[in-house]
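Okay, structure first, notes after.
The values are calculated or read from the model by the stated rules, or taken from the named source; none is laboratory data. This one's a predicted model, so the numbers in the text were calculated from it and none came from an experiment. Quick reminder, even Gly has a Cβ in these numbers, built from the backbone with ideal geometry, and neighbours come from all protein chains shown. Just so you know, the surface numbers come from the protein's heavy atoms only, side chains and all, with ligands and any DNA or RNA stripped out. Shrake-Rupley method; radii C 1.70, N 1.55, O 1.52, S 1.80 Å.
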Amino acid sequence: MENNLNKIICCIGAGYVGGPTMSVIAMNCPDCEVNVVDLNAERINAWNNKDLSKLPVFEPGLEKIIKKCRGKNLFFSTKIEENIAKADIIFISVNTPTKKNGVGAGYASDLKWIESSARQIAKFSKNHTIVIEKSTLPVKTAETIKTILTSSEQNNISAIDHKGQTFSIISNPEFLAEGSAINDLQNPDRVLIGGDDDDSINLISDIYKSWVNPEKIITTNLWSSELSKLVANAFLAQRISSINSISALCEATGANINEVAKAIGTDSRIGRKFLKSGPGFGGSCFKKDILNLVYLCRYYGLNEVADYWEQVVDINTWQQKRISSLVIRNLFGTLSNKKLAIFGFSFKANTNDTRESPSINISKNLLQEGAKLNFYDPKVCEKDILIEFNEKIYRNNVLVSDSALKAAQGADAILVLTEWEEFVDLDWKHIFEVMRKPAWVFDSRNCLDKQRLKDIGFKIWTLGTT
Ligand code: NAD
Ligand code: UGA
């Protein structure tokens, strides 16, 4: 069903969320004009690149939508002022990383980009504007946004009148996962809209109803919506830490993690999804959102709750150290002058995003033991790999190859750290021939055919099995 909404939408932040989300809105709401703005001119240029393989975000299905909508009702621009001024609805979709310095450093979210967005909106917007928190935020951030949008003291934060401008603040967190973003946006499990201004909630609901079943649209108050996003990520990450902790017990006892995951996952109360053990969760959000939750709990004096959730992150770090240690142990206790091929640098398959990728920490652990690493990833470019190893102690020991075979040349071991499908069907026989013997494969994603590799002659370790 198509609507006749005729609204002008602006999205501040053309990143992994802003770009794909606005593309899907533009495709489903042809009467809306969607303008995605960003400070980063290079990123905007990449969104406008004629060569669709050069878009700044790789997501299956995205190119097709960009081809259809860009230049029609979807625009990418650095003209922030003019696009804010003409917008009826503004999504704030900027980054909210963990604070590096000052109060709450290492835990709290750094809201400086949220603050600058709110200041831009306060300065340039006209008439009535619906301001939507799309970024993941600590509970009560809407209050901060409100304070910036107006200096007037009002109790109802959803309808602020300030110098002729009026604003409604809505929370509409995003639940897409990278690598499946377009499908997640097109067929979401739910759309969450929090606020206390019914007119604005209804308008945003109408936009989503253009393609989402109305039964999947959940409305709540602002604080529940903000908190639900953090809690959803915490629960998802908790499952990964839970199954990863059990992977170690499987290795110790002779149980098999895949069999255990299947056996427990068939209980409908537990469910099958998100039970794949691996080298720990990566990505820009799980760690930062849990640490943010931990910070909030401590702020409210709930120290036991904070300690409980922090363990999810601690187990994740432990799993990465555990994998590095067992690689070293199996390679006779030393990596000095040994060559290792690292297969996979993105934090999961089907994305070019490397933020918080387990590959980064595991590789650094190995480099500190004296290893020389040669990386291959089907979608991550050389520059984005090398940037993680800028320090002098790493720089000379890191190479990037444009094929798996080249990365494996002369290597003592291969570590599979991302579950790219192409790794399964590589010419493993040829790879074995070019490696130094004994040739090891450490499969941290449990994605390869173990028996086939054994038959070729590899020594193989797979996570959570013996
Ligand atoms: P990102 O870093 O890819 O993109 C953010 C963009 O905002 C950057 O390009 C930056 O230049 C721009 N920006 C920052 N301040 C600006 C300003 N004042 N004016 C204009 N542009 C500005 O981040 P992302 O991965 O898209 O994440 C954005 C938010 O969405 C975060 O809060 C994140 O937690 C949340 N989120 C991310 C995902 C995901 O899969 N990446 C999923 C759900 C939610
Ligand atoms: C995650 C959530 O799944 C999204 O709902 C959320 O919107 C998003 O975070 C966010 O807020 O940023 P994303 O990080 O893109 O999405 O990807 P996931 O599929 O959740 O994977 C996260 C990490 O967990 C990856 O490193 C992945 O390899 C790992 N993982 C995932 C496992 O090790 N096992 C699993 O069973 C699932």
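By DSSP, the beta bridges lying fully in the chain are antiparallel in about 10 percent of cases.
DSSP loop GluC sites (Glu not before Pro) in the stretch 348-432 with at most 10 other Cβ atoms within 10 Å of their Cβ, which ones?
For GluC sites (Glu not before Pro) across the stretch 348-432 that sit outside H, G, I, E and B with at most 10 neighbouring Cβ atoms in 10 Å, the list reads E391.
How much length would be gained if the chain were fully extended between N390 and R190, taking 0.36 nm per residue of separation minus their Cα-Cα distance, in nm to one decimal? Contour length minus Cα-Cα distance gives 67.9 nm. Heavy atoms of the protein chains alone define the surface here; on that basis the chain has 46 Å² accessible area per residue at 1.4 Å probe size. Stokes-Einstein diffusion for the chain, with the hydrodynamic radius set to the Kirkwood value over Cα pairs and evaluated at 10 °C in a medium of 1.306 mPa s, equals 67 µm²/s.
Take every Cα pair under 8 Å whose residues are at least 6 apart in sequence, average their separation, divide by the length of the chain, and the relative contact order is 12 percent.
Sum up the charges of everything whose Cβ sits under 9 Å from the Cβ of L137, counting Lys and Arg as +1 and Asp and Glu as -1, but leave L137 out. Result for the local shell: 0.
Highest first, please rank the peptides 289-297, 226-234, 63-71 by the mean number of other Cβ atoms sitting within 10 Å of their residues.
289-297, 226-234, 63-71
Between the Cα long axis of helix 358-368 and the first principal axis of the chain there is an angle of about 50°, rounded to the nearest 10.
Lacking any other cysteine beta-carbon closer than 4.7 Å, the following Cys residues of the chain have no compatible partner: C10, C11, C69, C250, C285, C297, C381, C447. Each residue of the stretch 256-265 is assigned a 3J(HN,Hα), and the resulting list reads 10, 4, 5, 5, 5, 4, 5, 4, 7, x Hz, derived from the Karplus form 6.51 cos²θ - 1.76 cosθ + 1.60 (θ = phi - 60°), x at Gly and Pro. Take every pair of alpha-carbon atoms less than 8 Å apart whose residues are at least six positions apart; their mean separation over the length of the stretch 8-220 yields a relative contact order of 19 percent. Using the rule -39500 (n - 2.57) for each DSSP H run of four or more residues, divided by the residues of the chain, the 222 nm mean residue ellipticity is -12500 deg cm²/dmol.
Phi angles across the stretch 204-221 convert, under the Karplus curve 6.51 cos²θ - 1.76 cosθ + 1.60 with θ = phi - 60°, into 3J(HN,Hα) values of 5, 4, 4, 4, 5, 5, 4, 9, 9, 4, x, 5, 8, 9, 9, 10, 9, 7 Hz, Gly and Pro given as x. Relative to the longest principal axis of the C-alpha atoms of the chain, give the angle of the C-alpha long axis of helix 286-299, reported between 0 and 90° and rounded to the nearest 10°. With rounding to tens, the tilt is 60 degrees. Given axes a ≥ b ≥ c from the Cα gyration tensor, I'd like to know whether the stretch 8-220 is rounded (a/c under 1.5), prolate (a/b larger than b/c) or oblate. It comes out rounded by the Cα gyration axes. The share of accessible area on the chain that comes from carbon and sulfur is 50 percent, using a 1.4 angstrom probe. Amide H to amide H distances under 5 Å link T166 with N127, H128, T129, where only residues 5 or more positions off or on other chains count and H is placed in the peptide plane. In this structure the amide hydrogen of D110, modeled in the peptide plane, comes within under 5 Å of the amide hydrogens of T98, K99, none closer than 5 places in sequence on its chain.
With a cut-off of 12 Å between beta carbons, the residues surrounding S401 carry a summed charge of -1, where Lys and Arg count +1 and Asp and Glu -1. Work through the residues other than D51 whose Cβ is under 14 Å from its Cβ and net out their charges, Lys, Arg +1 and Asp, Glu -1. Value of the local net charge: +3. Taking packing as the residue-averaged number of other Cβ atoms within 10 angstrom, the listed peptides 328-335, 119-126 run from highest to lowest as 119-126, 328-335.
The overall shape of the stretch 363-466, judged from the alpha-carbon gyration tensor, is prolate: a/c is not under 1.5, and a/b is greater than b/c.
The 3J(HN,Hα) values that the Karplus relation (6.51, -1.76, 1.60; θ = phi - 60°) gives for the stretch 376-389 are, in residue order, 9, 9, x, 10, 9, 7, 3, 4, 6, 7, 5, 4, 7, 10 Hz. Gly and Pro appear as x. Of the peptides 439-448, 134-143, 454-463, the order by per-residue mean of other Cβ atoms within 10 Å, starting with the highest, comes out as 439-448, 134-143, 454-463.
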